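Below: one structure, written as structure tokens.
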Amino acid sequence: MLEKDIKKVLVSEEEIKIISARLGKQITEDYKGKKPLVIGLLKGCMPFMTELMKHIDLYMEIELMGVQSYHGGTASTGDVKITRDLDIPVKGRDVLIAEDIVDTAKTISVISKLLKYRGAKSVEVVTLLDKPAGRVVEFNPKYVGTIIPKEFVVGFGLDYDEMYRNLPYVGVLKEEVYKK
Ligand code: IMP
């Protein structure tokens, strides 16, 4: 049913598995001897974080933070609202933020700065998708799954008006859907 609203598949279910395995292996090597705190930004991080975690072979903890940057449309408002804060302190921790997509980078730069301000020892970012053409704030995530063009995508955690997060792949939404 949802598929009829998708113009094309950009990153398939199979590709996401391969990407997550590669990133998980890299993270495992880079954090050897450390006990990272992986913080997922809700709600978009959910499927990716779940897939990625399976490939990280380390003693690690997970936390979730609720962040909102879009308010129903397809353009970033620039306002970053924390809807759910962390349950544990980040002071002295090696933090790895898990994101679905970095677009303007406003969200990730605000949250990275906040976690550093709270005393995290290190803060890095792992994102499934990177849309560098959308950048407003300079930011280079350390771990990038794949680079995508400046198109509005949905699926695998990414939404349009809270819908489509449950698609097992990342696809481009037909324009007529959001121009209705
Ligand atoms: P940024 O602050 O512009 O980098 O945007 C980060 C957040 O905006 C992501 O975590 C998504 O929730 C949302 N976002 C950015 N681009 C897209 C897109 O193409 N589709 C759906 N959500 C997006």
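The values are calculated or read from the model by the stated rules, or taken from the named source; none is laboratory data. Here the structure is a predicted model, which is why all the values come from computation and not from measurement. Heads up, the Cβs are rebuilt from the backbone with ideal geometry, glycines too, and the neighbour counts pull from every protein chain shown. To get the accessible areas, we keep the full protein, side chains included, count just its heavy atoms, and leave off ligands, DNA and RNA. Shrake-Rupley method; radii C 1.70, N 1.55, O 1.52, S 1.80 Å.
Numbers at a glance
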| quantity | calculated |
| --- | --- |
| Bridge type composition, the chain - antiparallel percent by DSSP, nearest 5 | 35 percent |
| Helix-only CD estimate at 222 nm, as mean residue ellipticity for the chain, using -39500 (n - 2.57) per DSSP H run (n ≥ 4) | -7000 deg cm²/dmol |
| Computed E for ASP87/LYS7 - FRET, C-beta separation, R0 25 angstrom, nearest 0.05 | 0.05 |
| Within the range 82-180, percent of DSSP bridges classed antiparallel, to nearest 5 | 25 percent |
| Degrees separating the helix 106-117 axis from the principal Cα axis of the chain, which is the longest one | 10 degrees |
| Choice from GLY157, GLY33, GLY44 showing the highest fluctuation, given a GNM over the chain with Cα pairs closer than 10 Å | GLY33 |
| The chain: most fluctuating residue of VAL136, VAL153, VAL144 per GNM, C-alpha cutoff 10 Å | VAL136 |
| Residue-normalised accessible area of the chain, given per residue in Å² at a 1.4 Å probe | 52 Å² |
| Rg/Rh ratio calculated on Cα atoms of the range 55-180 (Kirkwood radius) | 0.97 |
| Nonlocal amide H pairs with GLY145, under 5 Å, H built at 1.01 Å | THR127, LEU128, LEU129 |
| Listed residues VAL95, VAL126, ILE39: farthest to the positive end of the dipole of the chain (Cβ charges) | VAL95 |
| Mean separation of Cα contacts under 8 Å (6+ apart) over length of the chain, as relative contact order % | 25 percent |
| LYS150 accessible area, assembled protein chains, probe 1.4 Å, Å² | 140 Å² |
| Over 19 Å between alpha carbons, listed pairs LYS8/LYS142; LYS34/LYS54; LYS7/LYS54; LYS116/LYS150 | LYS8/LYS142; LYS7/LYS54; LYS116/LYS150 |
| Linear extension gain, THR146 paired with LEU42, 0.36 nm per residue minus alpha-carbon span | 35.4 nm |
